[in-house]
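Encoded as structure tokens, the structure appears first; notes follow it.
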Amino acid sequence: MNSNIQEQPPEVARCWARELGSSESSLVRLQGGINNHVFSCGDGCQKWVIKSYRPLQNEQRDQMRAEVDFLRYASLAAPGFTPKLFHEDYKQRCVVLEHLEGEPFPQGVAPSEEAVDAAVEFFRRLNAEPESAKVNIGLDATESFLSLSAHLKNIHQRLVGMGYDHLPKEVMPKAKRLLVKLRSDLERIREITFRRIACGE
């Protein structure tokens, strides 16, 4: 999970490392975090994740607040499925999270049935009490819609703009078949959904 990026950790990460009683030398940059800086911190059983966010720009959506709200809600609705949130520092715009060991699924290998079942269960628990989610999560999702029609329209637009010409020639036929199937499945779902809406279901 660790990258080979060798760079000086930002001051906020070094500050929190010291606050957690760890040496700054234990900070290791993690892969991912395209819009943020993510570091592991500590050694052995005493390890954390420090995630720092970019400063807010004008009316920009506050990604840190959105993620903090989500983690708090998930800890109530689906305990054990997300890392624990130990600290949030809005002044320095960072959070300290539980460090969870794990490995990504190997490329080209389908996740196990157990992993898929866990993902479905996580999704089910998050959506089991919509009113509780509204109370605990203050911001809308980046792409939030007020109707099924709007959701389907968004998906349709994404599929229309999706292509496969940039892919290697050997995988283009398979990608084309997959895209055709996705568009066909979406059209079938759209028809069923609109029919049910018209019937007041």
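The values are calculated or read from the model by the stated rules, or taken from the named source; none is laboratory data. Bear in mind the structure is a predicted one, so any value in this text is a computation, not a measurement. Note that we place each Cβ from the backbone using ideal geometry, even for glycine, and neighbour counts take in every protein chain shown. In case anyone asks, the SASA skips ligands and DNA or RNA and just uses the protein heavy atoms, side chains included. Shrake-Rupley method; radii C 1.70, N 1.55, O 1.52, S 1.80 Å.
A few notes on this one:
- Residues in the range 83-111 that are among the aromatic types (Phe, Trp, Tyr) and more than 14 Å from VAL49 (Cα to Cα) were compared, and the one that is modelled with the highest pLDDT is TYR90.
- Qualifying positions in the range 189-201 - among the charged types (D, E, K, R), more than 28 Å from the chain's Cα centre (by Cα) and in a helix (DSSP H, G or I): GLU191, ARG195, ARG196
- Single residue of the range 89-112 satisfying the filter (touching a Lys or Arg at 6+ places or on another chain (Cβ under 9 Å) and not hydrophobic (A, V, I, L, M, F, W, C)) that is surrounded by the most Cβ atoms within 10 Å (Cβ to Cβ): ARG93
- All positions within the range 31-51 that are open to solvent by 70 Å² or more (accessible area, probe 1.4 Å), within 19 Å of LEU100 (Cα to Cα) and touching a residue at least 12 places away in the same chain (Cβ under 8 Å): GLN31, HIS37, ASP43, GLN46
- Elements of the type helices (runs of 4 or more DSSP H) sitting completely within the range 52-152 and holding at least 2 residues that are touching a residue at least 12 places away in the same chain (Cβ under 8 Å) and polar (S, T, N, Q): these cover 130-136.
- Whichever residue in the range 143-201 is acidic (Asp, Glu) and open to solvent by 80 Å² or more (accessible area, probe 1.4 Å) and, among such residues, is nearest to GLN60 (Cα to Cα): GLU143
- Among the residues making up the range 12-41, those that are of a type in the set (A, V, I, L, M, F, W, C) and either assigned to a strand (DSSP E or B) or over 21 Å from the mean Cα position of the chain (by Cα) (or both) are VAL12, ALA13, CYS15, TRP16, ALA17, LEU20, LEU27, VAL28, LEU30, VAL38, PHE39, CYS41.
- Test: GLU114 is at pLDDT below 95 and within 15 Å of the chain's Cα centre (by Cα): no
- Boolean, ARG72 is open to solvent by 40 Å² or more (accessible area, probe 1.4 Å), modelled with pLDDT under 90 and within 16 Å of the chain's Cα centre (by Cα): no
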